[in-house]
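To start, the structure under review is shown below, and the notes come after it.
The values are calculated or read from the model by the stated rules, or taken from the named source; none is laboratory data. Not measured: the values here are computed from a predicted model. For neighbour counting, all protein chains shown are included, and Cβ atoms are generated from backbone atoms with ideal geometry for every residue, glycine included.
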């Protein structure tokens with residue numbers, strides 16, 4: 001195994017924080033791979049996360065989706081608009097409160113679930129590569145610990 005600089009193009013300054021240097025490198029590569037796989041079903045990275053929320057519970061307001069995804073509300077609204085344009089979701093006014101807009105899946109959006117699950121399984125397979133079960137379990141523990149350490153900083157201002 002090479003150095004951080006050799007393997008990931010990190011500067012010598014990044015050597016002071018090698019984990020912090022690797023996280024964005026891995027995140028970018030993972031998002032690129034996810035994008036390549038999701039393109040097969042007409043989705044962009046992040047859109048599947050919104051669909052997953054709806055597959056578990058629908059209808060939901062754009063605000064509820066934003067909170068669940070930890071993004072700003074305009075980001076969720078933009079993602080909903082794109083998914084609506086693609087025919088995967090629809091928006092309707094709530095019958096209880098006409099001021100509230102609710103997002104629900106279309107038949108096409110529901111049908112996409114099995115394909116997205118297969119894509120995520122492939123993404124997982126390629127992400128963990130040849131790590132054995134013990135290493136995978138340890139990786140999950142370590143990433144969970146890092147997630148707790150950086151804490152809840154609120155919605156991601158950069159979006160899905």
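Of note:
- Residue 69 being surrounded by 16 or more Cβ atoms within 10 Å (Cβ to Cβ) and modelled with pLDDT of 95 or more: no
- The lone criterion from (1) out of contact with any helix residue (DSSP H, G or I) (no Cβ under 6 Å at 6 or more places or on another chain); (2) in a helix (DSSP H, G or I); (3) under 29 Å from residue 147 (Cα atoms) left unmet by residue 40 is number (3).
- Looking across segment 83-92, the residues that are surrounded by fewer than 22 Cβ atoms within 10 Å (Cβ to Cβ) and touching a helix residue (DSSP H, G or I) at 6+ places or on another chain (Cβ under 7 Å) come down to 87, 90, 91.
- Within segment 122-145, residues that are touching a residue at least 24 places away in the same chain (Cβ under 8 Å) have Cβ atoms under 7 Å from residues that are assigned to a helix (DSSP H, G or I) in these pairs: 122/37; 123/33; 123/34; 123/37; 126/33; 127/30, counting only partners at least 6 apart in sequence or on another chain.
- Residue count, segment 68-90 (criterion: outside any loop (DSSP other than H, G, I, E, B) and without any contact (Cβ under 8 Å) to a residue 24 or more places away in the chain): 8
- Residue 104 vs. criteria touching a strand residue (DSSP E or B) at 6+ places or on another chain (Cβ under 7 Å), modelled with pLDDT under 95 and closer than 17 Å to residue 57 by Cα: no
- Out of 95, 75, sole residue that is crowded, with 18+ Cβ neighbours inside 10 Å and modelled with pLDDT under 95: 75
- Close contacts from segment 11-36, counting a first residue that is under 18 Å from residue 126 (Cα atoms) and a second that is loosely packed, with under 14 Cβ neighbours inside 10 Å, with Cβ to Cβ under 7 Å and a gap of 6+ residues or different chains, come to 33/126.
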